[in-house]
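I have placed the structure first, in the form of structure tokens, so that the comments after it can refer back to it.
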Amino acid sequence: MLRALAAAEKHLSDAGTDRPAWCAWVSDADLAVDSGQALLDLGDTGRAHQLITEGERLLPTARDKTRGVFLAYRAASYLDLKEPEPAAAAATQSLLLARRIGAPRCVALVDDLLPRFQPYARARGVPELLQLAAA
């Protein structure tokens, strides 16, 4: 699976701006985050979070809705690792951004994560996230 992912990344990189129409929309930011998500599924969390963070940095301001989605994905991945503090930080960023720009999908993604924060109600950042979500 890792070889297939590396090969796909290479083919997209080699194609540059001459990508087939079906994947012309895939930016370097999308590729980084999607590769990070795949690596999370494969258990390579260190590299996965590095790629997800890189993808978030590469996004232009015009794609803040996508940034909100990426942040929600990051929050979910930290919850999968039972790391509530960075999960709460990412979810809070996603929720604040989503509310500021009017992105209901991002709000819904964070809302869907809230029950997973309940066992960590005393962890740093979690009470504030839950209070923000309830407001």
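Residues in region 86-115 that are open to solvent by less than 40 Å² (accessible area, probe 1.4 Å), over 19 Å from Thr53 (Cα atoms) and β-branched (Val, Ile, Thr): Val107 only. Return yes when Arg47 is in contact (Cβ under 8 Å) with a residue 24 or more places away in the chain, over 11 Å from the mean Cα position of the chain (by Cα), open to solvent by 60 Å² or more (accessible area, probe 1.4 Å) and on the phi < 0 side of the Ramachandran plot and no when it is not. For Arg47, the condition - in contact (Cβ under 8 Å) with a residue 24 or more places away in the chain, over 11 Å from the mean Cα position of the chain (by Cα), open to solvent by 60 Å² or more (accessible area, probe 1.4 Å) and on the phi < 0 side of the Ramachandran plot - is not met.
Glu83 satisfies every condition listed in (1) closer than 20 Å to Arg124 by Cα; (2) surrounded by 19 or more Cβ atoms within 10 Å (Cβ to Cβ) except (2). Does at least one position in region 75-85 carry a residue that is touching a Gly at 6+ places or on another chain (Cβ under 9 Å), assigned to a helix (DSSP H, G or I) and farther than 30 Å from Ala4 by Cα? Yes, some residue in region 75-85 is touching a Gly at 6+ places or on another chain (Cβ under 9 Å), assigned to a helix (DSSP H, G or I) and farther than 30 Å from Ala4 by Cα.
Among the candidates Arg19, Arg57, the residue that is in a helix (DSSP H, G or I) and either open to solvent by less than 40 Å² (accessible area, probe 1.4 Å) or of a type outside the set (Gly, Ala, Ser) (or both) is uniquely Arg57.
The lone criterion from (1) among the hydrophobic types (A, V, I, L, M, F, W, C); (2) out of contact with any Lys or Arg (no Cβ under 8 Å at 6 or more places or on another chain); (3) touching a residue at least 24 places away in the same chain (Cβ under 8 Å) left unmet by Leu39 is number (2).
The values are calculated or read from the model by the stated rules, or taken from the named source; none is laboratory data. This is a predicted model, so every value here is computed, not measured. Every residue, glycine as well, gets a Cβ built from its backbone with ideal geometry; the counts of neighbours run over all protein chains shown. For accessibility, only protein heavy atoms count, side chains too; no ligands or nucleic acids. Shrake-Rupley method; radii C 1.70, N 1.55, O 1.52, S 1.80 Å.
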